[in-house]
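Trainee: Before we start, here is the structure in question, set down as structure tokens.
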């Protein structure tokens, strides 16, 4: 039986309605209701697992200490570490020790970013420089930073310059290689589109290359901070001078020289805590933001 024009219109409207309902259903699957992602829920999701991990470690640690499987002079209990922390607090030196290292680490990292970013751009975009410098950067990245400490001490003596030199030699290669890797993953279409609107040279790097390479660049920054922190701790462990003050690495070495095992464990925990907090407060949110903006998270 032939369909009238009115029947065809009604059928078309029915199909459009079905398509709209299907699209709405797909959107509801991909979109989380606002109430499901409240601040309290986010805090529980991000804070609870690390706290449970810390409680588990402390429980195992205390169990080993109480059982006597490990001698007291090899593994002091959590209470002894807490007493060592309390002593530093009462002396008023706790934050001074932490800030001495944190300030050096942050300044060295920022200097590494200022050097590693243009170096990465140059290596990524100039074939001759890439062929000559990329293998050197890869080699420097694999070289333990502590290997530079004796040379830096001879060059600059026991000074802050020694600290920053080792940090730069450890962090710059990671930041530069991370940026190169990010730029290598930029679709060529982006570069052609940038050239068509006149975004070349520095303008192209600022408006096209850097934004498009952010996932790899962010990973390089995160790794660069890790190298900065490890390089600084290695230098503070070895280089000792009254002019340098007492940072976390020097506090750790002083505790070893005094055969103060609670102080040694406290130094290790403070170094770990600062590194983890910087990662959680700075680099992890940055990484999530970049991935979320690209629909990858």
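Nothing in this text is a laboratory measurement; each read-out follows from the coordinates by a stated rule. All values derive from a computational prediction rather than experimental measurement. In this analysis, Cβ positions are derived from the backbone assuming ideal geometry, glycine residues included, and neighbour counts consider all displayed protein chains.
Trainee: Taking a quarter of the surface of the convex hull around the Cα atoms of the stretch 76-293, what do you get in nm²?
Mentor: Projected over every direction and averaged, the Cα hull of the stretch 76-293 covers 14.2 nm².
Trainee: FRET efficiency for residue 89 and residue 281, Cβ-Cβ distance as r, R0 = 25 Å, nearest 0.05?
Mentor: About 0.70, to the nearest 0.05.
Trainee: Further, regarding this structure: Rounded, prolate or oblate: which fits the stretch 107-154, taking a ≥ b ≥ c as square roots of the Cα gyration tensor eigenvalues, rounded meaning a/c under 1.5, else prolate when a/b beats b/c?
Mentor: oblate
Trainee: If neighbour count is taken as other Cβ atoms inside 10 Å, put 229, 61, 89 in order from fewest to most.
Mentor: Fewest to most other Cβ atoms nearby, the residues stand as 89, 61, 229.
Trainee: Could you work out how far the C-alpha centroid of the stretch 81-111 sits from that of the stretch 227-297, in angstrom?
Mentor: The stretch 81-111 and the stretch 227-297 have Cα centres separated by 10 Å.
Trainee: How much length would be gained if the chain were fully extended between residue 99 and residue 136, taking 0.36 nm per residue of separation minus their Cα-Cα distance, in nm to one decimal?
Mentor: Gain in length upon complete extension: 10.0 nm.
Trainee: Taking 2.2 N^0.38 Å as the expected size of a compact globular protein, what ratio does the Cα radius of gyration of the stretch 142-189 give against it, to two decimals?
Mentor: 1.58
Trainee: If you don't mind, there's one more thing I want to ask. Provide 217, 164 in ascending order of the number of other Cβ atoms located within 10 Å of each residue's Cβ, fewest first.
Mentor: 164, 217
Trainee: Length gain on complete extension for the stretch residue 293 to residue 111, per 0.36 nm per residue less the alpha carbon to alpha carbon distance?
Mentor: 62.8 nm
Trainee: Here is a follow-up. Quickly rank 218-226, 137-145, 168-176 as a protection proxy: mean count of other C-beta atoms within 10 Å, highest first.
Mentor: 168-176, 218-226, 137-145
Trainee: Could you line up 133, 180, 60, 128 from fewest to most neighbouring Cβ atoms inside 10 Å?
Mentor: Fewest-to-most Cβ neighbours within 10 Å comes out as 128, 60, 133, 180.
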